[in-house]
Amino acid sequence: MSHPTEKKAQTRSGPALLSPRSNRRRFLQGLTATGSLLMLSAPAIAQSARPRLVVIGGGSGGSAFVRAIQAQAPDDFDIIVVSAQKIYNAPFALNGIPQQKSGPCSTATIDLVSTFERRGVKVVIGRVERIDIDKKTIDIAGSETPLIYDALIAAPGVGLKWEAFGLEGTPDSTAIWTSDASCQDFLAMLQKVPMGGLFALVAPAGHNRCPPAVYERACRAARWFKEFNTSAKILIIDEKDEYPMQAMFEEAYVDYYEDMIEWIPRDFHGGVQSIDLKSGKIQTESDVFELDVVNVIPPQKAPDFLTITGMAAEDGYCRIRTPSMQSAIADDVYVIGDASAADELSKSAVSAVVEARLAAVDIITRFAKSPPEGKVDLADNCWTLVAPDDAISLGGIYSATGSKFASDERFMSTVGDQADMRKANAEKAAKWSGSLLQSLYGS
Ligand SMILES: Cc1cc2nc3c(=O)[nH]c(=O)nc-3n(C[C@H](O)[C@H](O)[C@H](O)COP(=O)(O)OP(=O)(O)OC[C@H]3O[C@@H](n4cnc5c(N)ncnc54)[C@H](O)[C@@H]3O)c2cc1C
């Protein structure tokens, strides 16, 4: 968040960027109160013998990248993390509503400033508006002075194409799909549904962040309604005619939620034309749906500040080289996580971590004194909870072949899996998010 009075650059800890102690203390006080913007503007190489790595995003990809560099080349770089928000709500926990009528929900809420400072990493809280890949600078809202990098690691997640459904502005948090929103926002939506009312999820077409999560959300909502609003119904108005692990989800809708969830494919409604969030009216080519509460998950792409540089492919995600994750058009820019067009690698936190490690290996090889160690395993696995003791899973093993990440092996749950196996999946799912958060943000 920017601060109108803080036009000039200020500095935080770190040898090349050390500011007078009094300024630093004043800034820290300001940050606590307002989450204000901190700017670091000095040319990296001119002030420090160490190359400066600027990481955009403190989420799954950005944090995993910092971890990988600190593990393998702790003294070789100055690292600055820039994040639009001080508080990161891990998107992979956004569906985790509690089993009470109300009350606290997600435990995956991270204070990025204290987390990174504890690790000795400088943090800038501010929204990146533009990057210049020739001058190697980034512009942050509210600052007149660009931040200079030697290598830029872009991990800003996805931008929402809100306009796709005729919606204006960028009310991202109402989608509850990015780290702008919290699981509490999802719970608040369910609480707004009147007794016996209709809740709709609008599911996007295209290549999006964690595709099964929309249908997992329907199951989580149904489970909550079964306790607290037994006659409510859920419509999934889909812009697709099929979706990942569909047979297993359909099995769950019947086995656990009876008639509560109805999936309406595009083939049936002909395509969403407009949505009025206030009245709850959804106009499709063939029908008008009147809902009590609508959760729109718009189609996605890399955020605008990346796409306007020409880095994005037709699908809106940034083209990269494999296995380095370097931008296809800029040697000193690495795009990791959901913003990258990483072919068969899923848009998941698991893949973001893998991609972060690949980028770290390349950067250490290029800039650091000692070569990187070990090999990065190209594999992912995601678990999706359809009921408390029942999780389905989807994963793969990949290789970097030519300019692509191709999948060598895929594995997926099947309809009629043994209950024991599904229960074991549910246990793994529960442990997974905790251990990922610990590995990314723990001490
Ligand atoms: C409901 C749901 C369930 C999911 N379940 C799973 C799962 O079970 N398993 C799994 O592996 N994945 C899951 N995911 C996907 C996973 O959360 C994402 O793939 C992962 O978080 C992507 O990491 P990222 O670093 O690219 O982006 P994010 O983790 O979203 O981090 C983005 C960071 O960039 C910052 N940022 C954004 N724009 C700017 C800007 N302009 N300037 C500065 N900073 C900016 C943000 O503030 C944030 O710090 C799920 C996602 C959702 C929505």
Margin query: What's the number of the only condition in (1) in the same structural domain as Gly62 (by TED's automatic domain parsing); (2) open to solvent by 40 Å² or more (accessible area, probe 1.4 Å); (3) in contact with a Lys or Arg (Cβ under 9 Å, 6 or more places away or on another chain); (4) within 12 Å of the ligand (Cβ to nearest atom) that Asp111 fails to meet?
Written below: (1)
Check: In the range 56-86, what residues are of a type in the set (A, V, I, L, M) and more than 9 Å from the ligand (Cβ to nearest atom)?
Finding: Val66, Ala68, Ile69, Ala71, Ala73, Ile79, Ile80
Checklist line | Those residues of the range 336-389 which are among the acidic types (Asp, Glu), near the ligand (Cβ under 9 Å from one of its atoms) and not in a helix (DSSP H, G or I), in sequence order | finding: Asp380
Check: Are there any pairs, at least 6 apart or on different chains, whose C-beta atoms fall under 6 Å, with the first in the range 227-256 and modelled with pLDDT of 95 or more and of a type in the set (D, E, K, R) and the second part of a strand (DSSP E or B) and open to solvent by 40 Å² or more (accessible area, probe 1.4 Å), and if so, which?
Finding: Lys233/Leu198
Margin query: Going through Glu144, Glu163, Glu129 one at a time, which residue ends up being open to solvent by 50 Å² or more (accessible area, probe 1.4 Å) and part of a strand (DSSP E or B)?
Written below: Glu129
Check: When residues of the range 301-335 are filtered for being part of a loop (DSSP other than H, G, I, E, B) and of a type in the set (S, T, N, Q), how many remain?
Finding: 3
Item checked: Conditions (1) of a type outside the set (Val, Ile, Thr); (2) in a loop (DSSP other than H, G, I, E, B); (3) without any contact (Cβ under 8 Å) to a residue 12 or more places away in the chain: number failed by Gly196 -> (3)
Item checked: Test set (1) closer than 26 Å to Asp287 by Cα; (2) more than 15 Å from the ligand (Cβ to nearest atom); (3) crowded, with 22+ Cβ neighbours inside 10 Å - Ala252 fails condition number -> (1)
Checklist line | Out of Gly442, Gly416, Gly402, Gly395, sole residue that is more than 16 Å from the ligand (Cβ to nearest atom), closer than 22 Å to Phe92 by Cα and open to solvent by less than 70 Å² (accessible area, probe 1.4 Å) | finding: Gly442
Next item on the list: List every residue pair whose Cβ atoms lie under 6 Å apart, where the two residues are 6 or more positions apart in sequence or sit on different chains, the first residue falls within the range 65-76 and is of a type in the set (S, T, N, Q), and the second residue, located anywhere, is not in a helix (DSSP H, G or I).
Entry: Gln72/Pro372
Check: Listed residues Ile308, Ile297; which is open to solvent by 50 Å² or more (accessible area, probe 1.4 Å) and in contact with a strand residue (DSSP E or B) (Cβ under 8 Å, 6 or more places away or on another chain)?
Finding: Ile308
Notebook entry, point to check: What residue, among those in the range 213-241 that are within 23 Å of the chain's Cα centre (by Cα) and open to solvent by 10 Å² or more (accessible area, probe 1.4 Å), is nearest to the ligand (Cβ to nearest atom)?
Noted result: Ala213
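The values are calculated or read from the model by the stated rules, or taken from the named source; none is laboratory data. Given the structure is predicted, the values throughout are model-derived calculations rather than measurements. Every residue, glycine among them, receives a Cβ derived from its backbone with ideal geometry; neighbour counts consider all protein chains shown. To get the accessible areas, we keep the full protein, side chains included, count just its heavy atoms, and leave off ligands, DNA and RNA. Shrake-Rupley method; radii C 1.70, N 1.55, O 1.52, S 1.80 Å.
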